[in-house]
Amino acid sequence: MTEGSSGERRLPTGTVTFLRTDVEGSMGLARRLGSSWDAMNATHLGILRTAVEARGGTPIRTEGDAMFAVFPEAGAAVLAAIDGQRALSAQAWPEGTDLRVRMGLHSGEAHLAGDDYGGFDVNRAARIASVGHGGQIILSGPTHGLVSTSLPPPIGLRDLGRHALRDIPAPEHLFQVEVPGLRSDFPALRLATTTLGNLPARLTSFVGRSHDLTELSALIETHRLITLTGPGGIGKTSLAIELARDRADAMPDGAWFVPLDAVPEPAQVGAAIARTLGLFDGVERPAADALPGFLGERSLVLVIDNFEHLLDAAPEVARLIRASPESRFVITSRAPLRIGGEQEYPVRPLPTGGLTSPDLATLDASSRLFVDRARAVRPGWEPDAGGSVVADICRLLDGLPLGIELAAARISLLPATTIRDRLTARLPLPGAGPRDAPARQRTLEGTIAWSHDLLDPLDRAVLHALAVFEGGFDAEQAGYVVAGPGAKPGGADDVLDRLVTLAENSLIMRDPRPVPIPAGATTSGIRFGLLRTVQGFALDRLVEGGRDARTRRRHADAFAVLAEGAAPHLHAAGQGDWIDLLERDDANLRAALRWSIEAGEVLIAFRLFASLWRFWQLNGHLAEGKVWSDAIFAMPGADLPGPERLAALAAAGGIAYWRAERQESLELYHAQLALAEQLEDPGATADAWFNLSAADFIAGDQAGSRQCLTEARRRYVQLGDEVGANRADLGLANLIWEDEGLAVALSIMSRVYDRAIDLGDKPYEILASGSLAWFSFMAGDIAQAARWGVLTLVGNYRVRDLGSTTIGLPIAAVLALEAGRPEDAAVILGAFDGLCERYGVRPPLGLAEIIRQAGPLERARAVLDPDVMAAALERGRRMSLDDVMVIVEALAPPE
C-alpha cells in the first residue's frame, strides 16, 4: 500500500495499469475445504499483495478471493503478475488442492473516487480477467502496446485475437503472457454466449452503491431469497437489477425482471412471473401452475419488483423458491415478505457529507449522483466551489436517489440555490419528472403517496401525528402524542403496533443505536425517526386534517414532562446520563419551546424553560438560554403570578448569573423571592434566599450575601433539607475566610466536602473541592492546591458540566505555572478564552476575582517569548475541551 507521511494512500493518476485477479473454481474449493478455505485464501492474497507491492503497485481492495491493484507503469504490472503466478505455483498447498489464479491487465485513464477508482477502464480489467483460466495472464490491447517492446526475454506475448466481452461496447484485442516454467497451454477463452433474460438496459451510470453491491453479492452466494426494503425512491429497483446483472453470467438460465407495479391483485403475481418467463396458459392449466415445474429444472436469478402492495402473495414466492433450489430470488418491497429463508437487506439513503475539498473526486455518493444527473441535462455543469449548495440539496432530500435525480433534472431551468431554497421552505419543485417513469415516480410526493395510500386509516393518522417530531422520537413519546397522556401500553390505544407497521412499510425507521436509559427515566428506549421527505408529506396531511394544533400541543406537553423529569437530576450524581437523554431530543425540545411561544402557551413555555436552563448551562448553551428567556418573558400573560412563573424566574436568574450579568441576576432573584413569599412556598423561598446570596456576591455585596446565606440555611434546616443546608455552609465558608482565617475556612470546607459525599451531592462535592484548591493555594500548599484543583476540573468534566469546567481553566493555568510549565499555562488560557466564547460563559465575580489575583496571563507573558506566547494562546483557542483536559489532567502531581 502506498502511503503518505500521514498514513494515507497516494494513488497514481493519469495513465495507469489495473490488475484484476480471482481464483478459478473458488466456490468449489470453499465447499470442499470448509473452514480451511479462509486460511488458504488469505495465504494466496498475501502472496499476491507481496508481488504487487514489490513492483511498486498498490493493492486497492480485495473482494472474497479477488484482488484489484493499480500500477503507475505497465511493465511493472506485468512483472508483478508473473511474480505472483510463480510464487503461487511454488507454494505448497494442502494435498489434493490445486489453487489457480486468473489475471487480467488493462491500461487506461485513472478516475479517482475518494480512495478508490471508478470508471469504464476498471470494468475492462475485470472483464478481461473473467474470460481467462487459472494460471493465465491476459493483457488488453492498450497494455500490450505499452509493454510489447520492453519485457525482458524470454517472456513472450501470444496474440489471442479480438473478442466480444460482456458490457464492453467493441471487441477487445487480447494477448496472453507466456513465461518459461509456467503453464502456457490453456483452453479457449471463457467467452459467454448471449446472456438469457430481460434485465432492463442501464441508461444512466450506477452511482454510490458499490458497497451495497459488494455486500449483496456475498449474500446471494448463500441466500436464495434476498428482499431489498426501504422507502420509495431510495433505489431498491436499480440496486436489484445491478445485482442480477452482476450475477447473470453465473446462472445458466439467465436473469429476469418482473415488475409488479401494475399488478392489482396478489392472485395475479404467479401469472405475471409466468408471462415474463415466456409461459402461456394452456388448455388444461394456467401458466402460473406450470411455474414450479418449469423453475425446478432451471438455475436463474429472478428480480420481482414492487411487492409491497401484494404481500398476501408471499406464500406463492415461497413455493417457487422451494421448487427451484438452484435459482436466486431478489425482491424489492417497502415491507419484508416474512417467509422462511428470507434475508432482508434494508437499503439506506446515500451518504450526504458533501465535498471534503473542491476536488470533485471527493464528492460523496449523493452529491456525485446529483452532479452526474445535472450534467445529463446541462453538459459541463459544475457545482459551487465548496459544493455546499449541492450538499444542502442532498441533505434536504435525505439522500434519496429519486429525489436527488428529480432535483438535478431541474438544473436545466433553475439555479441550484433556488432548488435548495424551495426545498428548505418545503415547496414543490416546478416541472414534471421523466415521462417514461411510472406516475408514482414522477414526483417525490407521488412516491411517498404510493406507500401512504397502502396503509389503513388508523396507520395513516399515526404517521401524520408523528410528523411533529424533530430528529427522532421514543415509542413512549409517540404514544403520548398520538393517543394522549392517558394511553396505556398494551391497550387498544397502544401505538407500538402501529409504529412497527409503519417501520415495516419503510415510512419510519428504527434507530438501531443503543439508548442508555438513566434510572427513573420514563422512556422505552425504542426510538424511531422519519426521513425529512416523509415528514413533510405527513405534516401536510396533518394540517389538512385540522389536527395540527392539538397534536403539537401534545408534543410540547410530552417534552415538558420529559424535561421536568430530568431537571432534578441535572445538578446531582449521574447528571451526565440525563444530559445524554435530553441531548437525544434536543431538536424536539426546541420545537416544543418554539411552538409554545408562537401559540401563546405561556405555562408550557415556562415549564420547559424552567426545566431546561440547567441543561443549557451544563452543555454550554447559555446564549441560547438567554434568547429563550427574553422571548418567554415577553409573552402576553407571562407576568401573571403562579408556580410556573416562579420556577421560570429562578431559571432566568441562573442564566444571568452564569453569564456574569450581575444586575440582571440580582433583579430576577429578588423577583423570585417576592413571588415565592406571595405564593407561600417555603421550599422556593429558601431557594430564592440561596440564589440571592450568589447574586449579591457577584454584585460585590459580601455582607448581603452572608445574610442571605444565613437566612437560606435557617429555612433549609426548618424544612429538614440537609443538602440545602450543606450547600449554604459551602457558601458561608467561602465568605468567612478573610474574617476568620484560612484555617477555619479550610476546616469548615473539609466538613462540607465530606458531608456532600455522604449526601450523594456530587455537584457540591466538586464545588467544595474547588474551594479547597483555592484555600490550599492561598495557604501556600501548592501541591495540595494542584491535587484539589485538578480533581475539581476533572470532576466537572466527567459529569459533563462543560460551563463549570471551562470557567475553571485559569486555575489549571496557575497550577501549570507553579509546575514550571508556562507554555502549557498559555495554551490553557487560550483554550479558556476560546471555549468561553463557544459556550457563552464567563467566570462569576468570585471566581473572576480569584483569577485576577492569581494573574496567570501576566505571569505567563513575563516568562515566555512574545512569539511563543502568541502561538501558544492561538493553539489553545483552537482546542476542544477534550483536548485541553488532556493537558489539565497531566498537571496532577503524583499521590
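With protein chains left intact and a 1.4 Å probe, residues in the chain average 44 Å² of accessible area per residue. Among VAL863, ASN796, VAL888, flag the residue with its Cα farthest along the positive direction of the charge dipole of the range 787-895, charges on Cβ as +1 for Lys/Arg and -1 for Asp/Glu. It is ASN796, whose Cα lies furthest towards the positive end.
Could you please state how large a percent of the accessible area of the range 732-850 is carbon and sulfur, counting protein chains only and using a 1.4 Å probe? That fraction is 52 percent.
Sparsely packed loop sites in the range 602-706 (the GluC sites (Glu not before Pro) outside DSSP H, G, I, E and B with at most 16 other Cβ atoms within 10 Å) comprise GLU680. Put a plus charge on the Cβ of each Lys and Arg, a minus charge on the Cβ of each Asp and Glu, and nothing anywhere else: the dipole of the range 24-128 about its Cα centre is then about 260 debye. Residue farthest toward the positive end of the dipole of the range 178-280, with Cβ of Lys/Arg at +1 and Asp/Glu at -1: which of LEU216, PRO187, THR276? Projecting each Cα onto the dipole axis, the largest value belongs to THR276. Counting only protein heavy atoms and a probe of 1.4 Å, the accessible surface of the range 49-105 is 45% carbon and sulfur. Against the main long axis of the alpha-carbon atoms of the chain, helix 845-854 sits at an angle near 90°. What you get for the chain, charging only the Cβ of Lys and Arg (+1) and of Asp and Glu (-1), is a dipole of about 2220 debye around the Cα centre.
Here the contact order of the chain, divided by its residue count and restricted to Cα pairs under 8 Å and six or more residues apart, works out to 6 percent. Seen from a random direction on average, the alpha-carbon convex hull of the chain projects onto 48.1 square nanometres. Helical content of the chain, expressed as a calculated mean residue ellipticity at 222 nm, amounts to -17000 deg cm²/dmol (DSSP H runs of 4 or more residues, -39,500 (n - 2.57) each, divided by residue number, nearest 500). Looking at the range 225-328, the GluC sites (Glu not before Pro) that sit in a DSSP loop and have at most 15 other Cβ atoms within 10 Å of their own Cβ are GLU284, GLU297, GLU326.
Between ARG510 and GLN91, the simple label model (points 7 Å from Cα in the Cβ direction) yields a spacing of 4.1 nm.
If you take all other residues with their beta carbon under 12 Å from the beta carbon of ASN41, and give Lys and Arg +1 and Asp and Glu -1, the sum is -4.
Between 0 and 90 degrees, the angle of helix 782-798 with respect to the longest Cα principal axis of the chain falls at about 60 degrees. The apolar share of the surface of the range 508-589, taken as the fraction of accessible area on carbon and sulfur atoms (1.4 Å probe, ligands and nucleic acids excluded), comes to 53 percent. Between the Cα long axis of helix 586-598 and the first principal axis of the chain there is an angle of about 60°, rounded to the nearest 10. For GluC sites (Glu not before Pro), the sites in the range 24-130 that DSSP calls loop and that have at most 10 other Cβ atoms within 10 Å are GLU95.
Between SER747, ALA77, GLN678, the Cα set farthest toward the positive side of the dipole of the chain (charges on each charged residue's Cβ, about the Cα centre) is that of ALA77. For the chain, the share of DSSP beta bridges that are antiparallel, to the nearest 5, is 60%.
Ranked from largest, the principal axis spans of the Cα set of the range 749-895 equal 49, 32, 30 Å.
The values are calculated or read from the model by the stated rules, or taken from the named source; none is laboratory data. Since the structure is predicted, the reported quantities are computational estimates derived from the model, not experimental observations. Neighbour counts run over all protein chains shown; Cβ positions are idealised from the backbone, glycine included. The area values use the complete protein model at the heavy-atom level, side chains included, leaving out ligands, DNA and RNA. Shrake-Rupley method; radii C 1.70, N 1.55, O 1.52, S 1.80 Å.
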